[in-house]
Structure formats: C-alpha cells, structure tokens
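**Q** Below: one structure in structure tokens.
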C-alpha cells in the first residue's frame, strides 16, 4: 500500500525536487508552502507522514508541530537550514520523529521516511492491551486510558511508556531508551528527561511522587505498578 506524504517547504525548488523523487520512490505526495496551509492539509488529507521545514511563512514549523501534537500522532520528519542544537532539541521535545539539516540527500530522506513508517507500524501491531495499575495501553491504536479517560500522548511519550510497560520492573538506561526512540535522539539525554517529565504530568496523580515512571538514579527509568 502506498503511503501519502505531506511535504511542507516554502522553497518551491526544494518542494519540487522532494516531490518528484519521493513519487519515483513509490509515495503519494501532497505539498504545502506555509504553516497554515500545512495544518489545513493535515486535517483534510490525513497524510501518513509529514516532512516539515522549520522556517515557514505565516506559522513556522515549530508552531505547526506544536499544534499538530495537541491532537495527532502523525509522524513528522523535520527539516531546517539551521544547524543550531536548540532547533533540533526543541523539535524532538515537541514530538518530532526524526530530523534532517539542509542541505540533505534525497536518498537519505527517503530512507528516514521508511524507517519512521516501519517503526510506527511496529508499534501499532499486533493489537494488545497492556494493563498497568489504572493505565490501559492499547498497542494497536496507540491509545492510553486512565480508567476510561483517554490520555493524549505524543508519539515519543507513547514509545517510552510502551517500551517500559512491555518490560515491567526492567531498568532501562537512558542510552537504551534513546536507541528505541531512534538515531535522531542520540546525544540528547536532556530531551529524553523532558519527555519523561511531560509523560509523568499526563499519567501520574502526583508527578512529583511518580508511581508509574520511576527514576533509577544514575542509571535510567523503570515502570512501577501504579
């Protein structure tokens, strides 16, 4: 089955190159040239993945990603002409799934897209419900419930929670969790800690005294019984 990719960039030359190359790679491509148009097309076309430039008119890529993560788990590969660490770190903390800095190889972009899509497919199948205390983790739909209340998680928060939940009591080092999240996160332990903090705010009754995501000081994290 062909996947639909939304390519968002205000440089027409780049958009055209990426579109033509990815079409030849077997993807269906739609495009947008600014942040507002991107959000409109995400809502209407429901693409399987978004390739999102950071420097966009009307609403920049960070704003688009922030808005997207309020209601959607669509995977996002970020693009930017900037090499500053803060851009990459902010994008990852907001829930980007991967990251490329311009200029980039079209072949590498296609590979990154396929890796992210495979990773998301691996997370969502087979269907299983993991019960931890009052939390129900539905692996098929990537939904998490606190009793009957649906908790909205970013893809990164979900990956962390599911990885811990599949191995209750096992201590994951920060490096192990970074490897699960993918190479875009390598070297960004602080970003991982931010994701864990955000996850605790969503699933813990008292984030300051967590019962689910437990810190093993000097090593990493493990799942408690709730």
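Read-outs: derived from the displayed coordinates by stated rules, not from any lab. Treat the numbers as computed from the prediction; the structure is a model and nothing was measured. All Cβ positions, even for glycine, are placed from backbone atoms using ideal geometry, and neighbour counts span all protein chains on display.
**Q** Please report the base-10 log of the normalised intensity I(q)/I(0) for the chain, using a Debye sum with one equal scatterer per alpha carbon and no solvent, at each q in 0.08, 0.09 (1/Å).
**A** For the chain at q = 0.08, 0.09 Å⁻¹, log10 I(q)/I(0) is -0.29, -0.37.
**Q** Just to confirm the number: angle between the C-alpha axis of helix 189-203 and the first principal axis of the chain, 0 to 90 degrees, nearest 10?
**A** For 189-203 against the chain, the angle is about 60 degrees.
**Q** What is the distance, in nm, between label points placed 7 Å from the Cα along the Cα-to-Cβ direction at residue 28 and at residue 214?
**A** 4.7 nm
**Q** Give, to the nearest whole percent, the P(r) tail of segment 1-68 beyond 21 angstrom, counting all Cα pairs.
**A** Roughly 17 percent, rounded to a whole number.
**Q** Follow-up question, since we're still on this one. Between the helical axis of 155-165 and the dominant principal axis of the chain, each derived from Cα atoms, what acute angle in degrees is found, rounded to the nearest 10?
**A** 30 degrees
**Q** For segment 125-223, what does the relative contact order come out to in percent, with C-alpha contacts under 8 Å and a separation of six or more?
**A** 23 percent
**Q** At 0.36 nm per residue, and after removing the present C-alpha to C-alpha distance, how many nm does the segment from residue 55 to residue 176 gain when stretched out fully?
**A** 40.4 nm
**Q** May I pose another question? Given Cα pairs under 8 Å that are at least 6 residues apart, what percent is the relative contact order of the chain?
**A** Computed over the chain, the figure is 13 percent.
**Q** How tilted is helix 12-24 with respect to the longest principal axis of the chain? Cα atoms for both, answer in degrees (0 to 90, nearest 10).
**A** Approximately 70 degrees, to the nearest 10.
**Q** Distance from a point 7 Å along Cα→Cβ of residue 71 to each backbone N in segment 1-39: keep the residues under 12 Å and list them by number.
**A** Of the residues in segment 1-39, 39 have backbone N under 12 Å from the label point off residue 71.
**Q** If I take every Cα pair under 8 Å that is 6 or more residues apart in segment 4-123, average their sequence separation and divide by the length, what percent do I get for the relative contact order?
**A** Normalised by residue count, the contact order of segment 4-123 is 22 percent.
**Q** Take the Cα atoms of segment 4-123, build their convex hull, and give its volume per residue in Å³.
**A** 94 Å³
**Q** Moving on. Report the Stokes-Einstein translational diffusion coefficient (µm² s⁻¹, integer) for segment 125-223, Rh taken as the Kirkwood radius over Cα pairs, at 37 °C with viscosity 0.692 mPa s.
**A** Translational D for this selection: 241 µm²/s.
**Q** Moving on. Do the sum for the chain: with -39,500 (n - 2.57) for every DSSP H run of n ≥ 4, divided by all residues, what is the mean residue ellipticity at 222 nm, to the nearest 500 deg cm²/dmol?
**A** Result for the chain, helices only: -13000 deg cm²/dmol.
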